[in-house]
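Here is the structure we will look at, set down as structure tokens.
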Amino acid sequence: MKPLRNPAVQSALGWILAGWLRFCYVTIRWTHHNRQAAEAIWDQGGGVLTVFWHSRTSLAPAAWPLGRAQPIKGMISRSADGELFARAMARLGIPAVRGSSANRDKGETDKGGTQALRDGLRQLKVGGLAITPDGPRGPVHSMAEGLIVLARLSKAPVLFVGLSCKPAIRLNNWDRTVIPLPFGKGAVVWERADFPEGADLADVTADWRERITAVEARADALTGLEQI
């Protein structure tokens, strides 16, 4: 058995990761931009899709005020890495919906995406659902179909979130994942979107990809984190 597939190892590493992230969140000096867009959605209650690129997943809890906004879950893959991160996020108050979209271009079959879609739609009737359109394996800043389908079927408002911090560790993986370091600068940028009724799905996909990338770039500009 590979170490990361061992439940005891996953539990221990999840506890360590959650503790590290919690420490970073409280010591980072955060700047917030366009928070009123998020506040308006949180105040009305109900479902909301919270969207950011996969590389910034470790910063995502900083964008959701637990205890104030409606409950939120995160859509996380069924991989071993996903299991580790799901355990850490659960300790931070964000339980998981497990599954991800299959990459049809690579000939992949369903990876729990059908059940995750059903679970995601149920969650969006009562609260938030965090999703990374290019997860879990990219390509970077690509748009899997899950986000568009969830937005169209649920009619829930969408919050694009740009997340950044400096200093940070950049992992040498496919998306250069950002891991925060304490006592630095952090930024959260929000922008609202709604699925346009009757719109061409390809047009929405292209537009949303650009907008998610743009809010991330704005967050990086606030912290000085170099984009890759």
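The values are calculated or read from the model by the stated rules, or taken from the named source; none is laboratory data. These numbers were taken from a predicted model, which means no experiment stands behind them. Cβ placement follows ideal geometry from the backbone for every residue including glycine, while neighbour counts extend to all protein chains displayed. With ligands, DNA and RNA removed, areas are computed over all heavy atoms of the protein, side chains included. Shrake-Rupley method; radii C 1.70, N 1.55, O 1.52, S 1.80 Å.
State all residues of the range 198-218 that are in contact with a helix residue (DSSP H, G or I) (Cβ under 8 Å, 6 or more places away or on another chain), surrounded by 14 or more Cβ atoms within 10 Å (Cβ to Cβ) and of a type outside the set (S, T, N, Q); if no residue qualifies, say none. Selection gives 204, 208, 216.
Quick check, is residue 152 outside any loop (DSSP other than H, G, I, E, B) and free of Cβ contacts under 8 Å to residues at least 60 places away in the same chain? Write out each step before concluding.
On the way: outside any loop (DSSP other than H, G, I, E, B): yes; free of Cβ contacts under 8 Å to residues at least 60 places away in the same chain: yes.
Yes; evaluated as a whole, the condition is true for this residue.
Considering the range 39-59, and only residues there that are open to solvent by 20 Å² or more (accessible area, probe 1.4 Å) and either without any contact (Cβ under 8 Å) to a residue 60 or more places away in the chain or in a helix (DSSP H, G or I) (or both), the residue that is nearest to residue 19 (Cα to Cα) turns out to be 57.
Sub-7 Å Cβ pairs linking a first residue in the range 189-205 that is under 18 Å from residue 217 (Cβ atoms) to a second residue that is open to solvent by 80 Å² or more (accessible area, probe 1.4 Å), at least 6 apart or interchain, are 189/33; 189/218, ordered by first then second residue.
Checked against (1) within 22 Å of residue 124 (Cα to Cα); (2) in contact with a helix residue (DSSP H, G or I) (Cβ under 8 Å, 6 or more places away or on another chain), residue 33 passes all but a single condition, namely (1).
Of all residues being open to solvent by 30 Å² or more (accessible area, probe 1.4 Å) and in contact (Cβ under 8 Å) with a residue 60 or more places away in the chain in the range 1-18, which is nearest to residue 63 (Cα to Cα)? Just the residue, please. That would be 17. Here residue 157 meets the list (1) free of Cβ contacts under 8 Å to residues at least 60 places away in the same chain; (2) surrounded by 13 or more Cβ atoms within 10 Å (Cβ to Cβ); (3) within 21 Å of residue 117 (Cα to Cα) almost entirely, failing just condition (1).
Applying the set (1) open to solvent by 70 Å² or more (accessible area, probe 1.4 Å); (2) modelled with pLDDT under 90; (3) part of a helix (DSSP H, G or I) to residue 122 leaves exactly one unmet item: (2). Restricting attention to the range 48-78, the residues being under 15 Å from residue 98 (Cα atoms) and of a type in the set (D, E, K, R) number 2.
Quick check on the range 168-197: of everything there that is in a strand (DSSP E or B) and farther than 16 Å from residue 62 by Cα, which residue is least open to solvent (accessible area, probe 1.4 Å)? Residue satisfying both the conditions and the ranking: 193.
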